[in-house]
């Protein structure tokens with residue numbers, strides 16, 4: 001087992017191009033998942049994929065592995081945006097509520 005900084009690698013370095021292709025293309029893992037497996041950083045893993053001639057997928061949406069693992073939860077971007085908007089709305093409601101409460105307290109204080 002080779003030790004590389006804070007990571008430990010479970011494959012010999014340099015990482016074989018066939019292994020990278022199998023993990024990324026055939027299995028469908030994300031670059032981050034592969035980086036965790038081989039003990040390198042995300043950018044180093046991405047660079048090794050490019051050097052191996054593996055076409056890089058667009059970074060939108062889930063990787064094929066997660067789409068297969070969690071069927072029925074396709075992420076076309078709209079679901080995430082709705083969730084984010086709902087979260088932002090809750091935050092705004094809480095903030096507005098706090099502001100209104102502080103105004104009411106200030107009015108009571110000023111009326112004394």
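The values are calculated or read from the model by the stated rules, or taken from the named source; none is laboratory data. If you're wondering where the values come from, they're calculated on a predicted model, not measured in any experiment. Cβ placement follows ideal geometry from the backbone for every residue including glycine, while neighbour counts extend to all protein chains displayed.
Structure above, values below:
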{"item": "Enumeration of residues in the stretch 16-35 that are closer than 15 Å to residue 58 by Cα and assigned to a helix (DSSP H, G or I)", "result": "24, 25, 31, 32"}
{"item": "Members of the stretch 39-54 found to be outside any loop (DSSP other than H, G, I, E, B) and over 17 Å from residue 21 (Cβ atoms), listed by number", "result": "42, 43"}
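Residue by residue, here is whether (1) modelled with pLDDT of 85 or more; (2) not in a helix (DSSP H, G or I) holds:
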residue: 37; (1), (2): yes, no
residue: 56; (1), (2): yes, yes
residue: 83; (1), (2): no, no
residue: 105; (1), (2): no, no
